[in-house]
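To start, the structure under review is shown below, and the notes come after it.
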Amino acid sequence: MNKLIPLIFLLFSPLAFADSNRWEGQPFAQFSLSDQNGQTKTNSDFNGRWMVVYFYPKDKTPGCTVEAQNFVDDFSKYQAQKVDIIGVSYDDVESHKDFSDTYSMPFTLLADVDHKLAKAMDVDRILPWPHASRQTFLVNPQGKIVKHYSSVDPDTHSSSLLKDLKGFNSK
């Protein structure tokens, strides 16, 4: 029992939850990456607009496909709120092109093949293979992170984001 007390304290201490809020108010990292069409995209391409920047492990895997399809299904709702959706993984341009074409994705997929953006945003994982962990950043038109989602359920994430966006846009 005595061994559990430090563990319980750690799990319920404010430090255990500090990571989820550490990004809020910070500028989103600068990037210059190729999209699924081979076009270079940078932060400035999205200036003055809200961005949903979602990192995911791998194209065409079950969870990643569900998450992307939900963004496709809700795309008109994001457009109505002037929000750009940007998916990021370590897959290359060709893989992103195939993934995007297969599921008719009307939004940007960025190829972070050198892992620089994932490392800058602290979503880089090496086990069990190098990949970006499933996390999302909601970025306001001024380029500041207003919400970080460190735990994402691919089934419900898009609808949760839309609810949060309504709250931010009504302020």
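All of the numbers you see were taken from the coordinates with simple rules; none came from a lab. None of these values were measured; they are calculated from a predicted model. Here the Cβ positions follow ideal geometry from the backbone for every residue, glycine too, while neighbour counts run over all protein chains shown.
Overview of values
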{"quantity": "Qualifying aspartates and glutamates (Cα of each under 20 Å from Cα of K119; at least 8 residues distant if same chain)", "calculated": "D19, E24, D35, D59, D91, D92"}
{"quantity": "Computed helical MRE - 222 nm, the chain, DSSP H runs ≥ 4 contributing -39500 (n - 2.57), nearest 500", "calculated": "-10500 deg cm²/dmol"}
{"quantity": "Protection-proxy order for peptides 63-70, 82-89, each taking the mean of Cβ atoms within 10 Å per residue, highest first", "calculated": "82-89, 63-70"}
{"quantity": "Computed lengthening from S160 to K116, 0.36 nm per intervening residue step minus Cα-Cα distance", "calculated": "13.1 nm"}
{"quantity": "Magnitude of the charge dipole, the range 26-169, Cβ model with Lys/Arg +1 and Asp/Glu -1, debye to 20", "calculated": "560"}
{"quantity": "Distance cut-off 24 Å, percentage of C-alpha pairs in the chain lying past it", "calculated": "36"}
